[in-house]
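What follows draws every value from the coordinates through simple rules; no lab data is involved. Here the structure is a predicted model, which is why all the values come from computation and not from measurement. Reconstructed Cβ throughout: ideal geometry from the backbone, glycine too, with neighbour counts over all protein chains shown.
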Amino acid sequence: MIVALFQLVDGAQVIALALLRGVQDTAIPMWMDAFSYWGVGMPSSYLFGFVLGLRGIGVWTGLVLGLGLAAILPNSRFWVVTMRRAEA
């Protein structure tokens, strides 16, 4: 089930990045994703998988958390960017 959730979140993340690419906004989303993967995903994978002893499920849970943030942040950025352009 956790891998299925990973796939759903990954789809949301890919769509968000494609939308931002379409409005020529790529620099800030790159940093958002780097933070999501390396600042949240990897440490939480280590925490859940090894420190808390959840092993494989814990590693996947951490990856889902990182990828989930990598889906939320760019989607939020897309709405902010498009609202600013609509007002201008």
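Details
- Restricting the first member to the range 65-79 and to residues that are among the polar types (S, T, N, Q), and the second to residues that are surrounded by 19 or more Cβ atoms within 10 Å (Cβ to Cβ), the beta-carbon pairs closer than 6 Å and six or more apart or on different chains are Asn75/Ala16.
- Residue identified as surrounded by fewer than 16 Cβ atoms within 10 Å (Cβ to Cβ), under 30 Å from Arg84 (Cβ atoms) and free of Cβ contacts under 8 Å to residues at least 60 places away in the same chain among Gly11, Gly56: Gly11
- Gly49 being surrounded by 20 or more Cβ atoms within 10 Å (Cβ to Cβ), among the small types (Gly, Ala, Ser) and more than 12 Å from the chain's Cα centre (by Cα): no
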